[in-house]
Amino acid sequence: MTAAPDLEPLRGRPGVIRLHGHRGARGLMPENTLPGFAFALACGVEILECDVLFSREGTPVVTHNPRLSPDMTRDAEGGWVAAPGPLVRALSLEELRRFDAGGLRSGSAYAARWPDQAFLSGVPVPCLDELAALLARPGHGRVWLNLEIKSSPLHPEHGPPPPEQVAAVLAVLDDYGLAGRTLVQSFDWRVLAELRRQRPSIPRSFLSELSGEGATPEANIHDGSPWMAGLSLAAHGGSLPALVAAAGGQAWSPHFGDLTAEDLARARALGLIVNVWTVNRPQDIDRMIALGVDGIITDFPGRVQHRLKAQGMSWR
């Protein structure tokens, strides 16, 4: 059996909070692209967060939305794709690679959220093996991958079944020797249960978002939730950290707005690594630093670096 990796590079410690570049560095560079990941690495980021979906052949590809977004995807002629955008799972890898994911459509609501993001051209959706090859290069041996498998129990048409998703991702990690420095996370806890069956040595991070006003469509914590793989919050006294620990998780990744000091203390007592998502505003970054989380997942790595340095802290 493969030995479990040393998780110390993911744990915070006095004076250190780990920095996860969300989709690379979405605030400044096109998300989930090789130029974006390379930029984050050049900034000194040592944990890259990425999203994985699957082409028609089942090849793992690095992109977030189940459909290619009309706000960030151009066709081979440079035109913006028509809404709602093609389903990634319906495209062959060859078809998918014809699209350009390097810029945001001016005037769109999504572009307005990221006014400082660079506009690039000729940037395809990368395969997971391309990102793995980047991290396997000399000089990147300290870098970890925080790999989110995008899976929905509500939309099985968005991807292959969890066993196939996990097997395809593991094949890439093994090919590039990255299994010892990859953390796998998902909102769909069926995927994490399957990963535990196939490769228990790889650490698993349970993404969570409480249901309620303003929650995203992936809000997964509620009674009878299909996202929770049959697990019950009530059976663990309403404690998410206790539930994650009982499910064999090594890490818990709550939305930063859901995290309380009490839950953080409980998670720490259970030995869990706590990484909060997605923290971008300086006041929110400061609050997470004050709480003492292990890791901050952010679209703006530089902001977190500056806030840490201002308090005499570091991210590595």
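The values are calculated or read from the model by the stated rules, or taken from the named source; none is laboratory data. Note that the structure is a prediction, hence the values are computed from the model and not measured. Note: ideal-geometry Cβ built from the backbone for every residue, glycine included; neighbour counts use all protein chains shown.
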Could you list, in sequence order, the residues of region 165-187 that are over 19 Å from GLY295 (Cβ atoms) and in contact (Cβ under 8 Å) with a residue 40 or more places away in the chain? GLN165, ALA168, VAL169, VAL172, LEU173, ASP175, TYR176, GLY177, ALA179
Any residue at all in region 21-32 that's of a type in the set (Lys, Arg) and closer than 15 Å to CYS127 by Cβ? no
So in region 175-234, with the set limited to residues that are within 18 Å of GLU49 (Cβ to Cβ) and basic (Lys, Arg), which one is nearest to the chain's Cα centre (by Cα)? ARG204
Go through SER201, SER208, SER151 for me and flag whichever is farther than 23 Å from SER92 by Cβ and surrounded by 21 or more Cβ atoms within 10 Å (Cβ to Cβ). SER208
Out of the residues in region 278-316 that are of a type in the set (Asp, Glu) and out of contact with any Gly (no Cβ under 6 Å at 6 or more places or on another chain), which is surrounded by the most Cβ atoms within 10 Å (Cβ to Cβ)? ASP284
Residues (under 24 Å from LEU207 (Cα atoms), without any contact (Cβ under 8 Å) to a residue 12 or more places away in the chain and assigned to a loop (DSSP other than H, G, I, E, B)) located in region 136-164: PRO161
Determine which member of the set GLY212, GLY292 is at pLDDT 95 or above, within 28 Å of GLU31 (Cα to Cα) and of a type outside the set (Ser, Thr, Tyr). GLY292
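Can you tell me which residue is nearest to PHE256 (Cα to Cα) among those in region 290-316 that are part of a helix (DSSP H, G or I) and touching a strand residue (DSSP E or B) at 6+ places or on another chain (Cβ under 8 Å)?
If we take residues in region 290-316 being part of a helix (DSSP H, G or I) and touching a strand residue (DSSP E or B) at 6+ places or on another chain (Cβ under 8 Å), then VAL304 is nearest to PHE256 (Cα to Cα).
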Take the residues in region 1-59 that are outside any loop (DSSP other than H, G, I, E, B) and free of Cβ contacts under 8 Å to residues at least 40 places away in the same chain; name whichever of them is surrounded by the most Cβ atoms within 10 Å (Cβ to Cβ). GLY36
Which residue, of ALA111, ALA133, ALA193, is over 25 Å from THR73 (Cα atoms) and either in a helix (DSSP H, G or I) or without any contact (Cβ under 8 Å) to a residue 12 or more places away in the chain (or both)? ALA193
Would you check which residues across region 226-245 are touching a residue at least 12 places away in the same chain (Cβ under 8 Å) and on the phi < 0 side of the Ramachandran plot and list them? PRO226, TRP227, MET228, LEU231, LEU233, SER239, LEU240, PRO241, ALA242, LEU243, VAL244, ALA245
Which one is nearest to the chain's Cα centre (by Cα) among residues in region 260-277 that are within 21 Å of VAL184 (Cβ to Cβ) and surrounded by 19 or more Cβ atoms within 10 Å (Cβ to Cβ)? TRP277
Can you give me the number of residues within region 66-96 that are assigned to a loop (DSSP other than H, G, I, E, B) and surrounded by 15 or more Cβ atoms within 10 Å (Cβ to Cβ)? 11
